[in-house]
């Protein structure tokens, strides 16, 4: 092994970023974003992207890689993450992967086969089916062709149902059979830790953070993105939590107060899915409440 890296995982609004910055004062490190929405340029408020001052204080990587109308896969992220981690190790610093995109983490440690690129026409057809039959019906269809993925994906998770059906219709193979095979093992040791906050406190922080995003101009950010780029509501960037609700609000689907309610509810559902992923991972150490920094410092400090 060429060295080691640490990963700090957790649901949205659990305090990962603040803990990472605290750790940076104890250990020389660089942060590798493990967030599928932070790869998009211009999506700053709704992704809680680190500020320029924060990025100047601690080097951050894999942020602002593409425009929001462009495609970016977990496989692309995995390749970029491995290269970035090795470069950081070469500089004598700790690579700290921080984020909540659990598919990215799983792709890193377990590998991903090369999945087919998104097919806009097929996605539009699946969306049309969902509009007619409902996503629970498409989830039932998924359960017939890919029961492993269907057990992991809730009936209301339209984005993941769509992708799993898209992969099956394009390849004739279930998505679950294409995950975790064919990738070379990591050239470094990975030690992973997670924050698992109690539900009531997490829900309060989610509401506080979403309110802060609205005050900071989330709606204006989405309005400007729609003007600047050739976007559509079905694109992965605009299906991110907060962005989808702001888009629908701008389309007149509901007023601002409903945007807040729907955004908070969607963020809670995202956090629930993230925690379900975390419980399924082996080898991820749950940090002790109140002693997170001490535990991370002890575990991640180079020998």
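Only the coordinates and a few stated rules stand behind these numbers; no lab work does. Quick caveat: nothing in here was measured; it's all calculated off a predicted structure. Note: ideal-geometry Cβ built from the backbone for every residue, glycine included; neighbour counts use all protein chains shown.
Kindly rank 87-98, 197-208 from highest to lowest mean number of other beta carbons found within 10 Å of each residue. Present the calculation step by step, with values, prior to reporting the outcome.
Values: 87-98: 18.4, 197-208: 14.9.
Averaged packing, sorted descending, gives the order 87-98, 197-208.
On a C-alpha basis, how far is the centre of segment 96-149 from the centre of segment 242-264 in Å? Whole number, if you could? Answer, in whole Å: 24. Counting every C-alpha pair in segment 120-178, the share spaced more than 19 angstrom apart comes to 18%. Per-peptide packing, taken as the mean over residues of other Cβ atoms within 10 Å, places 269-280, 238-249 in the sequence 238-249, 269-280 from highest down. Shape descriptor for segment 99-208: Rg over Rh equals 1.04 (Cα atoms; Rh from the Kirkwood inverse mean 1/r).
Measuring from label point to label point, each 7 Å out along Cα→Cβ, what is the residue 145 to residue 72 span in nm? With each label point 7 Å from Cα toward Cβ, the separation is 2.8 nm.
Each peptide in 210-222, 117-129 was scored by the mean count of other Cβ atoms within 10 Å over its residues; highest first, the order is 210-222, 117-129. Sorted largest first, the spans of the alpha carbon positions of segment 146-249 along the three principal axes are 45, 36, 32 Å. Taking every Cα-Cα distance in segment 1-80 and sorting them into 5 Å bins starting at zero, the pair-distance distribution P(r) comes out as 3, 12, 24, 25, 20, 11, 3, 1 percent. Out of 134, 100, 290, any idea which swings most in a Gaussian network model of the chain, alpha carbons joined below 10 Å? Comparing 134, 100, 290 in a Gaussian network model of the chain, the most mobile one is 290. For segment 120-178, relative contact order (Cα pairs under 8 Å, six or more residues apart, normalised by length) works out to 32 percent. Taken over the chain, the percentage of Cα pairs per 10 Å bin, counting from 0 up to the bin with the maximum distance, is 6, 26, 36, 25, 7, 0. A simple spin-label model places pseudo-atoms 7 Å from Cα toward Cβ; at residue 250 and residue 265 they are separated by 2.2 nm.
Per DSSP helix of 4 or more residues, -39500 (n - 2.57); summed, then divided by the residues of the chain. What does that give at 222 nm, rounded to the nearest 500?
Numbers: 14 runs with 161 residues, N = 303.
One gets -16500 deg cm²/dmol as the mean residue ellipticity at 222 nm.
So what's segment 212-283 giving for Cα Rg divided by 2.2 N^0.38 Å, two decimals? Write out the running numbers ahead of the final one.
Working: Rg = 14.1 Å, N = 72, 2.2 N^0.38 = 11.2 Å.
For segment 212-283, the normalised Cα radius of gyration comes out at 1.26.
Computed from the Cβ-Cβ distance with R0 of 30 Å, the FRET efficiency linking residue 18 to residue 220 stands at 0.70. Simple spin-label estimate for residue 282 and residue 258 gives 4.7 nm between the two label positions (7 Å along the Cα-to-Cβ direction from each Cα).
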